[in-house]
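Each remark here refers to the structure printed beneath this line.
The values are calculated or read from the model by the stated rules, or taken from the named source; none is laboratory data. The shown structure was predicted, so the numbers you read here are calculated from the model rather than taken from an experiment. Virtual Cβ from ideal backbone geometry, glycine too; neighbours counted across all protein chains shown.
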Amino acid sequence: MLPLVILGALAGCGADTAGGVGRVAGPPPKEPLATREVQLQRDIVPILATSCSGEYCHGAAMTTAAGAYSYLVNQPALECEDGRVLVAPGRPDQSYLVDKVLQGHLCAGQPMPRGIENQLSGREIAMLVDWIQEGAPR
């Protein structure tokens, strides 16, 4: 189940503010995502490969489950001096990846993914948050 703070933040996700260029989130899913376990390979890697693996982004590490897991889980958020990690299993509220995609509580840099046309949909963000909440399983 998503914490209320994150659910509130998701309300504005996926809106098309780029004059038809960006992705528009469809209607909310009829069932909460929590009715099925989010899987790294099936659900998360496609999001990361599409949105985070570009030439000027995080590269090939985001195109495989093993690479993404090694890059993200329990790894320090290098732009933060407060000890946060990119993905803290079971703690989306302590995961800098969530802050980056929700565009809040940034230590430095820009929200991710860069560019309004590349913003994640509310459903994609919810899957990332659910995966982290479930303990970021491999």
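So the values come out like this:
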item: Cross-chain or 6+ apart pairs with Cβ under 7 Å, the range 38-64 first and closer than 19 Å to Ser121 by Cα, then of a type in the set (Asp, Glu) and in a helix (DSSP H, G or I); result: Val38/Asp130; Ile47/Glu124
item: Some residue of the range 19-31 being at pLDDT 90 or above and not aliphatic (A, V, I, L, M); result: no
item: Sole exception among (1) modelled with pLDDT of 80 or more; (2) in a loop (DSSP other than H, G, I, E, B); (3) surrounded by 13 or more Cβ atoms within 10 Å (Cβ to Cβ) for Ala49, by number; result: (2)
item: Qualifying position, being surrounded by fewer than 22 Cβ atoms within 10 Å (Cβ to Cβ), at pLDDT 95 or above and small (Gly, Ala, Ser), among Gly90, Gly115, Gly83, Gly104; result: Gly90
item: Index of the failed condition, Arg138 passing every other in (1) of a type outside the set (S, T, N, Q); (2) in contact (Cβ under 8 Å) with a residue 60 or more places away in the chain; (3) loosely packed, with under 14 Cβ neighbours inside 10 Å; (4) under 18 Å from Leu78 (Cα atoms); result: (4)
item: Segments classed as helices (runs of 4 or more DSSP H), wholly inside the range 63-138, with at least 1 members that are charged (D, E, K, R) and closer than 22 Å to Arg42 by Cβ; result: 122-133
